[in-house]
Amino acid sequence: ITSKGANFLASFLLDPGNASDLTGSFRLYKREALEKILPLVTSKGYAFQMEILILAKKHGMTLGEVPITFVDRIYGESKLGANEIIMYLKGLVKLFFTT
């Protein structure tokens, strides 16, 4: 539920194009894309992933996705706490106003 809410909010505020998951997934980038984008990235934490996607779109790069399936956790606990949620929201607001 948290991931779906975070993705909805990010998609609504940032308009990531055809990216279906801004908060996580397995991604591959062309070397040229990373060489162009990484020097521009200023975000930390979860916002880092979103900023890369938004900058790629802004620079006219295309995105291809391969679906992955997450299995519900059986053992252990989520590492996502209040600090991570606050950091995510701060990063999201920053990206909204700067990209």
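Does segment 70-79 contain at least one residue that is at pLDDT below 90 and either under 16 Å from the mean Cα position of the chain (by Cα) or open to solvent by less than 40 Å² (accessible area, probe 1.4 Å) (or both)?
The initial filter retains those residues of segment 70-79 that are at pLDDT below 90, namely 70-79.
Then keep just the ones that are either under 16 Å from the mean Cα position of the chain (by Cα) or open to solvent by less than 40 Å² (accessible area, probe 1.4 Å) (or both); that gives none.
Within segment 70-79, not a single residue is at pLDDT below 90 and either under 16 Å from the mean Cα position of the chain (by Cα) or open to solvent by less than 40 Å² (accessible area, probe 1.4 Å) (or both).
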* Structure fact -> Quick count over segment 15-67, residues being open to solvent by less than 90 Å² (accessible area, probe 1.4 Å), assigned to a loop (DSSP other than H, G, I, E, B) and among the β-branched types (Val, Ile, Thr), is 3
* Asked: So which residues in segment 7-27 are closer than 15 Å to LEU55 by Cα and either in contact with a strand residue (DSSP E or B) (Cβ under 6 Å, 6 or more places away or on another chain) or hydrophobic (A, V, I, L, M, F, W, C) (or both), if there are any at all?
  -> ALA10, LEU13, LEU14, ALA19, LEU22
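Out of THR98, THR62, THR69, I need the residue that is of a type in the set (Val, Ile, Thr) and closer than 17 Å to ALA10 by Cα. Which one? Before the answer, list the steps.
Numbers: THR62 fails: closer than 17 Å to ALA10 by Cα; THR69 fails: closer than 17 Å to ALA10 by Cα.
Checking each option against the conditions leaves just THR98.
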* Please tell me if GLU84 is assigned to a helix (DSSP H, G or I), of a type in the set (Asp, Glu) and surrounded by 15 or more Cβ atoms within 10 Å (Cβ to Cβ). => no
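The values are calculated or read from the model by the stated rules, or taken from the named source; none is laboratory data. It should be emphasised that the depicted structure is a prediction, and the values quoted were computed from it without experimental measurement. Note: ideal-geometry Cβ built from the backbone for every residue, glycine included; neighbour counts use all protein chains shown. Heavy atoms of the whole protein, side chains included, go into the accessibility calculation; ligands, DNA and RNA do not. Shrake-Rupley method; radii C 1.70, N 1.55, O 1.52, S 1.80 Å.
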